[in-house]
Amino acid sequence: MTRSDLHAEMAALLKRLLAFEDRLGEDGMPHEVLADFKASVDELRLRLWGLLSAGSADDARAFQERFRVRRAREICQGLTEDLGSGKLRVDVGELLKLRSAARALAQGIEGLPPAHP
């Protein structure tokens, strides 16, 4: 499998996951469907971590760090879009806690040295 094939498959998988996520809020979503979905995701995660652990510890750690940062960025972008569109209905107290955490993170990032290509 070529790298571009893998990227295309990952993009298709992400698209399907996002479509499924949109359907989670629908009334009547059977509990069994959610349980089966969770089991499938758990299995995939276990397989991925198994593959990662086969490499060096430094490679696995670097991958985990990149994954966490990428996922955090995606979550932040999604929350920003949902806040702007009015889709997000969250207790204001939770948003204030998120704001505080986001500010602390931003300050930590700003304190980093410039990246070198």
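What follows is calculated from the coordinates using simple rules that are stated; it is not laboratory data. As the structure is a computational prediction, the values presented were derived from the model and not from experiment. With ideal geometry, Cβ positions are generated from the backbone for all residues, glycine too; neighbour counts draw on all protein chains shown.
When the chain is treated as a Gaussian network with alpha carbon springs shorter than 10 Å, the biggest mean-square fluctuation among LEU88, LEU48, LEU98 belongs to LEU98. Between LEU46 and GLU26, what is the FRET efficiency for a Förster distance of 35 Å, r being their Cβ-Cβ separation, to the nearest 0.05? Efficiency computed from Cβ-Cβ geometry: 0.80.
Recomputing Cα extents along the principal axes in Å from the coordinates shown identifies the correct label among (1) 44, 27, 21; (2) 44, 41, 24; (3) 38, 34, 18 as (2). Calculated mean residue ellipticity, 222 nm, the chain: -28000 deg cm²/dmol, from DSSP H runs (n ≥ 4) at -39500 (n - 2.57) each, averaged per residue and rounded to 500.
Among ALA39, ALA104, ALA72, the residue with the largest mean-square fluctuation in a Gaussian network model of the chain, with springs joining Cα atoms closer than 10 Å, is ALA104.
Ordered by the count of other Cβ atoms within 10 Å of each Cβ, fewest first, ARG16, ARG89 give ARG89, ARG16.
Across the options ALA104, THR2, VAL90, the greatest Cα extent toward the positive end of the charge dipole of the chain (unit charges at beta carbon of Lys, Arg, Asp, Glu) belongs to ALA104. Candidate cross-link partners of LYS38 among the lysines, defined by an alpha-carbon separation under 23 Å and a same-chain spacing of 8 or more, comprise LYS15.
With helices defined as uninterrupted DSSP H runs, which ones in the chain have an alpha carbon span along their own long axis of at least 20 Å and mean Kyte-Doolittle hydropathy of at least 0.0? Counting only whole DSSP H runs, the qualifying helices are 31-53, 92-110.
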